Amino acid sequence: MDTETLTAYFGGWSYTFTPLDPHDALRVIGASSVQQVADPLTTLREADDEGVEDDGILLLASRITPAWTLVVETFGLTGFICTQRRILEELHLPGRRAVTFMETAGVLKMLCLDDNWEWCGLDMLTGERWGAMGEQLAEALNESGFPADGPFEDITHKPFPNSELAPRAIYAATGIELRDLDLGGVWLSGISRGDH
């Protein structure tokens, strides 16, 4: 369930990383009808084909490392739920950031409630940062190839291809290498009405 597959099939995606466990993450997002699913990608495809979005937005969540739960959304035509600051505030714990990465309609962004309630973000396509980013996250982004002092000098000739942007930013913010991530664990699905 890599980001390129989600972009190709759904036209966009949102990955949210939270220290909360999957049940708590879905609860604070306002998801109902929570149940375990066998195959997360198949579940997303079936929901898209059957139009579950008419009644709500499908969310998937799994504990992917001892430290992180991943919440996945693919329905972003009206905005991803987990890009809202009030949702990230509920997914955040003191000293532990909550962070969302999203792609839709030519937009590729990171939105973060950093360790000490600092609201910040990154436009991954241009390298432009905003908000009160903590020193640790800022330095991790520097090391991942995102410039410390603003946009890339030439956004048409970045030092790495666009397909590497999200993986590099995710690694900087979470320490997770997407290519090494085992998504074969326990996954939960839930339906949110988007009005939480």
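Overview of results
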| quantity | calculated |
| --- | --- |
| Efficiency of FRET from Cβ geometry, V28 and E143, R₀ 41 Å, rounded to 0.05 | 0.85 |
| Förster radius 41 Å - calculated FRET efficiency between E118 and D39, Cβ distance, rounded to 0.05 | 0.65 |
| Net charge, A105 excluded, C-beta distance under 15 Å - Lys, Arg +1, Asp, Glu -1 | -2 |
| Tilt relative to the chain, helix 165-174 - C-alpha long axis, 0 to 90 degrees, to 10 | 80 |
| Convex hull volume per residue for the chain, taking Cα atoms only, in Å³ | 108 |
| Helix axis angle, 40-50 relative to the chain longest principal axis, alpha carbon, degrees | 70 |
| Efficiency of FRET from Cβ geometry, R86 and E128, R₀ 25 Å, rounded to 0.05 | 0.60 |
| Most to least packed among 162-168, 118-124 [average Cβ atoms within 10 Å] | 118-124, 162-168 |
| Carbon plus sulfur fraction of accessible area for the chain, probe 1.4 Å, in percent | 48 |
| Accessible surface, segment 13-154, averaged per residue in Å² (probe 1.4 Å) | 44 |
| Directionally averaged shadow of segment 115-196, computed from the convex hull of its alpha-carbon atoms, nm² | 7.7 |
| Within the chain: Cβ-based charge dipole about Cα centre, in debye rounded to nearest 20 (Lys, Arg +1; Asp, Glu -1) | 320 |
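The values are calculated or read from the model by the stated rules, or taken from the named source; none is laboratory data. As the structure is a prediction and not an experimental result, all values here were calculated from the model. When we count neighbours, we look across all protein chains shown, and the Cβ atoms used for this are built from the backbone with ideal geometry, even at glycine. SASA here: full protein model, heavy atoms, side chains in, ligands and nucleic acids out. Shrake-Rupley method; radii C 1.70, N 1.55, O 1.52, S 1.80 Å.
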